[in-house]
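A short worksheet on the structure shown next.
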Amino acid sequence: MNYNVIAHYEDATITCETNDIHVALTFLLEHGGTQIEVIDGFTGEILCAQNCEDPILQDAFGLTLLGFLMEQAWGAVVEALGEGE
């Protein structure tokens with residue numbers, strides 16, 4: 001799988017392995033309140049690690065996340081505009 005997203009809780013570790021960046025980013029945001037990391041499934045490289053001692057956000061992955069968030073926000077705006085018709 002291209003992306004391994006791992007959320008660490010006190011009593012559980014939840015892993016999402018996917019080739020779909022949208023699935024990976026959705027999982028990341030859903031579990032953003034805990035220690036979480038995104039690992040490249042082919043190279044083992046850490047793309048993102050948050051809520052930990054040494055947070056990491058690689059530039060390219062950060063731009064991908066920003067684009068995803070903008071896509072989500074734009075969809076909400078378009079949906080809100082459609083409700084006014």
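Residues in the range 61-85 that are open to solvent by 70 Å² or more (accessible area, probe 1.4 Å), at pLDDT 85 or above and among the aliphatic types (A, V, I, L, M): 4 in all. Of all residues in the range 6-18, at least one satisfies being open to solvent by less than 30 Å² (accessible area, probe 1.4 Å), part of a strand (DSSP E or B), of a type in the set (Gly, Ala, Ser) and in contact with a helix residue (DSSP H, G or I) (Cβ under 8 Å, 6 or more places away or on another chain).
Determine, yes or no, whether Ile21 is open to solvent by less than 70 Å² (accessible area, probe 1.4 Å) and within 14 Å of Met1 (Cβ to Cβ). When the stated conditions are applied, Ile21 passes them.
The set of residues in the range 24-49 that are open to solvent by 60 Å² or more (accessible area, probe 1.4 Å), farther than 17 Å from Asn2 by Cα and not in a helix (DSSP H, G or I) comprises Gly33, Gln35.
Just one residue in the set Leu66, Leu25 is touching a residue at least 12 places away in the same chain (Cβ under 8 Å) and under 11 Å from the mean Cα position of the chain (by Cα); that residue is Leu25.
The values are calculated or read from the model by the stated rules, or taken from the named source; none is laboratory data. The model shown is predicted, which means the values in this text are computed figures rather than measured ones. For neighbour counting, all protein chains shown are included, and Cβ atoms are generated from backbone atoms with ideal geometry for every residue, glycine included. These accessible areas exclude ligands, DNA and RNA; they are computed on the full protein's heavy atoms, side chains included. Shrake-Rupley method; radii C 1.70, N 1.55, O 1.52, S 1.80 Å.
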